[in-house]
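Inspection log for the structure reproduced underneath, given as structure tokens.
The values are calculated or read from the model by the stated rules, or taken from the named source; none is laboratory data. Quick caveat: nothing in here was measured; it's all calculated off a predicted structure. Cβ: placed from backbone, ideal geometry, glycine included. Neighbour counts: every protein chain shown. The protein model used for the area step is the full one, side chains on, heavy atoms only, and it has no ligands, DNA or RNA in it. Shrake-Rupley method; radii C 1.70, N 1.55, O 1.52, S 1.80 Å.
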Amino acid sequence: MFKVIQRSMGPASLSLLTFKVYASQKKDSTHKASVNLSLYSVPEVQSKYVEEPRTQLEESISHLRQYCKPYTSWCQEMYSQTEPKMQSLVQWGLDSYEFLQNAPPGFFPRLGVIGFAGIVGLLLARGSKIKKLVYPPISMGLAASLYYPQQAIVFVQVSGEKLYDWGLRGYIVVEDLWKENFQKPGNVKNSSGNK
């Protein structure tokens, strides 16, 4: 059985091979040209790109993508703007956690006294919402300034400069509004009492 398969496979496999034949124009010529002879002829390929028509699903997805494009671009823009802020916030949180793990001696008692001062300020601010917003930070600031006087002085100087700057800006705005509304010749009110 093996001999029959061997004898039939040999000639059949040779028929699938291609051979190179070297031909020359003259007998003296050393230039050889190679020609590939194949048993099968290969048709010339004349392909043309034809775009298939879109299906209903593809049309729906395309319409959905066009509809969502402004929202996705807005989301990408907001993400690119908030990513550095979020990274800095995460870094601040990690730094705070590390600081609290290795806190200097006496830090937690001081923090407790400052927090207690805030609660006392909240208790003193009964009745008014404005007092509840003002008294606790002031009492906490006073307690913190007892433990950290140098930082309190720097904070007061910087915040004082900012308050002065805001007050000056407010004064300029009020002055401009006053000049626009009451100093024009047509806007002067008649004091004679005409009705």
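For this structure, a couple of remarks:
- Note on residue 130: accessible area is roughly 120 Å² with a 1.4 Å probe, heavy atoms of protein only.
- Rounded to 0.05, the FRET efficiency of the residue 101 and residue 80 pair, given R0 = 30 Å and the Cβ-Cβ distance, is 0.35.
- Cβ-derived FRET efficiency at R0 41 Å, residue 92 paired with residue 60, nearest 0.05: 0.35
- Accessible area (Å², 1.4 Å probe, nearest 10) - residue 95: 80
- Area of residue 175 that stays accessible when all protein chains are in place (1.4 Å probe, Å², to 10): 70
- Among the listed pairs 132/162; 129/162; 85/132, those beyond 27 Å (Cα-Cα): 85/132
- Global form of segment 114-162, assessed from the alpha-carbon gyration tensor, a/c cut-off 1.5: oblate
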